[in-house]
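Rule-based calculations on the coordinates, nothing more; no lab input. Values in this document were obtained by computation on a predicted structure and should not be read as measured data. Because the Cβ atoms are built from the backbone with ideal geometry, glycine has one as well, and the counts that use them run over all protein chains shown.
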Amino acid sequence: MTDALALLCYAAAVGVLAPKALTRGTWSYRSPALAVVLWQGLAVSFTLAAALASYHLITPTRHLHNGMSGLLHFCGLALDTYVPGLTGVPAFAVPVGVILLPLMCFGHHLIRARRARARHRSVLDLVGRRSARLRATVLDHETPVAYALPGRRPRIVVSSGALRVLSPAELDTVLEHERAHVAGRHHLALAAAEAFATAFRWLPLARAAREQTALLLEMAADDRALRRHPREVLASALYAMAGGRTPQGAFPAGGPDAAVRLRRMLAPRGPVHPVPRGVVAAGAAAVPLLPLVVGCMPCLV
């Protein structure tokens with residue numbers, strides 16, 4: 001039971017303590033793209049830890065008797081072990097089911113969002129007009145709003161109200177922000193966070209990862225727009241469109257996190273130093289593998 005206890009303690013640390021530590025500071029706002037990768041890595045790490053722990057809990061006596069014939073046996077896993085009391089059900093099906101749960105939720109969120117975007121595109125084909133100059137679809141609506149519809153047929157949408165209230169520089173900045181969402185395929189990262197939150201909705205890590213991923217993706221798009229435009233321009237455009245509403249599956253230029261993004265732009269801090277940034281990047285790459293190390297540790301001592 002040592003291996004199961006170690007994996008459960010690790011899963012508890014990742015699922016409960018890690019999100020509190022990550023949301024305590026504001027370092028992630030200085031490197032939002034890297035922070036998104038770290039949140040995704042923690043989600044994968046927790047899923048693997050929960051899967052391995054479930055296996056070791058249902059087969060507590062079948063871990064150190066299979067020799068060193070392969071990685072599965074070495075880590076205490078065996079394909080010929082069955083769930084006690086359930087004839088013919090391999091024990092390996094339990095951790096596989098834990099892993100498949102968020103994957104199935106991920107596919108569900110992708111399909112649902114794609115259908116919603118497809119319905120909205122069909123409406124835009126009827127009521128919107130294509131602007132070659134803006135490389136966007138203009139929608140006749142008084143509310144200032146701009147958003148991106150990502151996917152296989154991406155589309156940038158801007159309302160006539162936004163064209164009326166935004167200056168040319170502000171409009172260019174907003175469009176650059178939306179193109180960053182499309183180019184970065186941010187909808188995949190957001191769908192992954194939503195899927196993890198659906199699969200483990202009771203988990204603090206799942207709730208924090210969903211909230212932080214949505215905010216950090218907006219900040220990452222802001223950073224790309226700020227490479228070519230002054231931050232004051234983007235801040236004023238963001239303020240003008242903070243109250244706009246967008247359809248499901250779209251990335252808005254404004255939105256509920258506009259106040260946090262405005263404070264970040266108006267009180268900028270320098271980028272994270274390369275050394276701690278490299279440490280965080282290495283940690284983000286290594287954290288999905290830690291459950292395997294924890295699970296194999298009892299076999300090494």
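Residues in the range 118-145 that are part of a strand (DSSP E or B) and either within 20 Å of residue 200 (Cβ to Cβ) or in contact with a Ser or Thr (Cβ under 8 Å, 6 or more places away or on another chain) (or both): 128, 129, 130, 131, 137, 138, 139. Of the residues making up the range 7-32, just one is closer than 21 Å to residue 289 by Cα, surrounded by fewer than 17 Cβ atoms within 10 Å (Cβ to Cβ) and touching a residue at least 40 places away in the same chain (Cβ under 8 Å), namely 16.
To keep it simple, each residue is scored yes or no on (1) polar (S, T, N, Q); (2) touching a residue at least 60 places away in the same chain (Cβ under 8 Å); (3) part of a helix (DSSP H, G or I); (4) out of contact with any Gly (no Cβ under 7 Å at 6 or more places or on another chain).
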{"residue": "187", "(1), (2), (3), (4)": "no, yes, yes, no"}
{"residue": "193", "(1), (2), (3), (4)": "no, yes, yes, yes"}
{"residue": "196", "(1), (2), (3), (4)": "no, yes, yes, yes"}
{"residue": "211", "(1), (2), (3), (4)": "no, no, yes, yes"}
{"residue": "217", "(1), (2), (3), (4)": "no, yes, yes, yes"}
{"residue": "223", "(1), (2), (3), (4)": "no, yes, yes, yes"}
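Residue under question is residue 115, and the condition is that it be assigned to a strand (DSSP E or B) and surrounded by fewer than 18 Cβ atoms within 10 Å (Cβ to Cβ); does it hold? So residue 115 does not fit the description; no.
Scanning the range 120-138 finds one or more residues that are touching a residue at least 24 places away in the same chain (Cβ under 8 Å), touching a Pro at 6+ places or on another chain (Cβ under 7 Å) and within 27 Å of residue 210 (Cα to Cα). Summed over the range 131-156, residues that are farther than 15 Å from residue 179 by Cα and charged (D, E, K, R) total 2.
The residues listed here are 164, 133, 179, 152; of these, the one that is crowded, with 18+ Cβ neighbours inside 10 Å and of a type in the set (Lys, Arg) is 179.
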